[in-house]
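The values are calculated or read from the model by the stated rules, or taken from the named source; none is laboratory data. The model shown is predicted, which means the values in this text are computed figures rather than measured ones. When we count neighbours, we look across all protein chains shown, and the Cβ atoms used for this are built from the backbone with ideal geometry, even at glycine. SASA here: full protein model, heavy atoms, side chains in, ligands and nucleic acids out. Shrake-Rupley method; radii C 1.70, N 1.55, O 1.52, S 1.80 Å.
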Amino acid sequence: MKSQKIVKFSSVITMMLVISIFLLGCDLAEPIDEYDDEFNDSEFTDDEFTDDEFLEDDLSFTDRAEPVSLNRCKLADRDDNPTIGLGFPRAETASPSLGAVSIKVLFVDFPDAPARSTTEEILTTVAPSADLFETISYGRITLEFDPVHTWYRMSQPANSYSFAEYDTHLTYIQEALALADPDTDFSTADVVYILASDGINLDASAAFSTGDGEFMIDGVELFAVNTSSEDYTDESVYKIFAHELGHSFGLIDLYEYDNEDDSHRFTGEFDLMGNVWGTAPEMMAYHRWMLNWLDDDQIYCQEESENQILLTPVETAGGLKAVIVPLSESSAVAVESRRALGYDADIYEEGALVYLIDSTFESGTGGIVVYPDLGEDNWEAPLSVGESVTVSGVTIEVLEATDEGDRVSVTVSAP
């Protein structure tokens, strides 16, 4: 992140210049530009900021108040779940979110539901999730599928296994792992995915994240084992696969568990962890920051005053991606720019997306809420030029929208 140069004089030099003006009536020489003391020990160097850059009409650094420590915007995890959450750092059991991630893929069928497709055909339906993650991570993660192309026959009929209950889900996973163990090396797997035979319905796809030693195999403990129950003719099945991987990375559900009529009222169309069928499934900037797909200098942490800042679309690499205003150790208001690009190409409404984050909320209860809160019409939430919204004393207004992104005013009211 760049900083504006601040001109300063020592008291001695200042006195000499005043005397010179008085006695000689001469013109002042140009002062030497220096960084303010508060930036001298920072990450910024002279190579990162030049006079030419300073003179540019760069909207991303217009009328900026000084940022506060980014640690104020890295919310503490407060929901008491040891495996998933909205805080920093992510759970110790979370799967790596950078570089090559190895996914061991197993295939199981049932006495009453034998496989109708080949394992290769089934894998093809979920494989596009690799491109999705490479895109939304700006190339920082690569999914490496390691399939075992064998149908393993489970001992019980399909409807004997329920993913809705901890014990039955655990039993299902342990049986599948035991079936595959004799001819499978699990020691290098970051995540294991168990794909059920096509044409069945086992409740719903589910992620099983644990750190209690339930899955000790080949001398290692598996922390993330995901299961599927989808109809593989659904063209969105790879997004469901990706959603469950999001849990393996330590993220919570953003949809509401106990609301069948309007389960997506919190975040609407936005974010894969909310609505996998939405028109804007790319992850929010806050999630990408948690997963280290965004660098610290792409987040602007603002605690007071007013800023006018250009936010580049989250769908593109580079640039400032979000302004986050911390409200407490566990809550913050964030704003980012969304455009009809990448996996958000079908987005209903482009603009500045504002949301409230609260890391005390458990999965499926509203840890992130998009504003303005339009309920089932949350797809209209992004703000256009001239529109504004106030959330917990933070007012965001869109001043300008171009291909570069959204220039927003962020004003923090005094408590």
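Identify, from the list S205, S209, S160, S248, the residue that is over 22 Å from N81 (Cα atoms) and not aliphatic (A, V, I, L, M).
Every option except S160 fails the conditions.
I'd like to check something: does the range 97-114 contain any residue that is surrounded by 17 or more Cβ atoms within 10 Å (Cβ to Cβ), among the acidic types (D, E) and outside any loop (DSSP other than H, G, I, E, B)?
Looking for residues that are surrounded by 17 or more Cβ atoms within 10 Å (Cβ to Cβ), among the acidic types (D, E) and outside any loop (DSSP other than H, G, I, E, B), one finds at least one in the range 97-114, hence yes.
Check whether at least one residue in the range 351-361 is part of a strand (DSSP E or B) and among the hydroxyl-bearing types (S, T, Y), and report yes or no.
yes
Scan the range 143-157 for residues that are loosely packed, with under 15 Cβ neighbours inside 10 Å and assigned to a loop (DSSP other than H, G, I, E, B) and jot them down.
S155, Q156, P157, listed by residue number.
Mind listing whichever residues of the range 324-342 are farther than 20 Å from D77 by Cα, buried (at least 20 other Cβ atoms within 10 Å of the Cβ) and out of contact with any Gly (no Cβ under 8 Å at 6 or more places or on another chain)?
Within the range 324-342, V335, E336 qualify.
Output the residue which, of all residues in the range 234-290 that are farther than 30 Å from R72 by Cβ and of a type in the set (D, E, K, R), is surrounded by the most Cβ atoms within 10 Å (Cβ to Cβ).
If we take residues in the range 234-290 being farther than 30 Å from R72 by Cβ and of a type in the set (D, E, K, R), then E244 is surrounded by the most Cβ atoms within 10 Å (Cβ to Cβ).
Anything in the range 360-379 that is open to solvent by less than 40 Å² (accessible area, probe 1.4 Å) and within 24 Å of H247 (Cβ to Cβ)? List them, or say none.
S363, G364, G366, G367, I368, V369, V370, N378
If you check V314 against the conditions, is it without any contact (Cβ under 8 Å) to a residue 60 or more places away in the chain, buried (at least 20 other Cβ atoms within 10 Å of the Cβ), within 25 Å of D131 (Cβ to Cβ) and among the β-branched types (V, I, T)?
yes
Can G319 be described as open to solvent by less than 20 Å² (accessible area, probe 1.4 Å) and out of contact with any Lys or Arg (no Cβ under 8 Å at 6 or more places or on another chain)?
No, not satisfied.
Considering only the range 116-142, state which residues are open to solvent by less than 40 Å² (accessible area, probe 1.4 Å), within 18 Å of F249 (Cα to Cα) and polar (S, T, N, Q).
S129, S137
Have a look at G367, G342, G393 and point out the one that is on the phi > 0 side of the Ramachandran plot, modelled with pLDDT of 95 or more and under 19 Å from the mean Cα position of the chain (by Cα).
The match here is G342.
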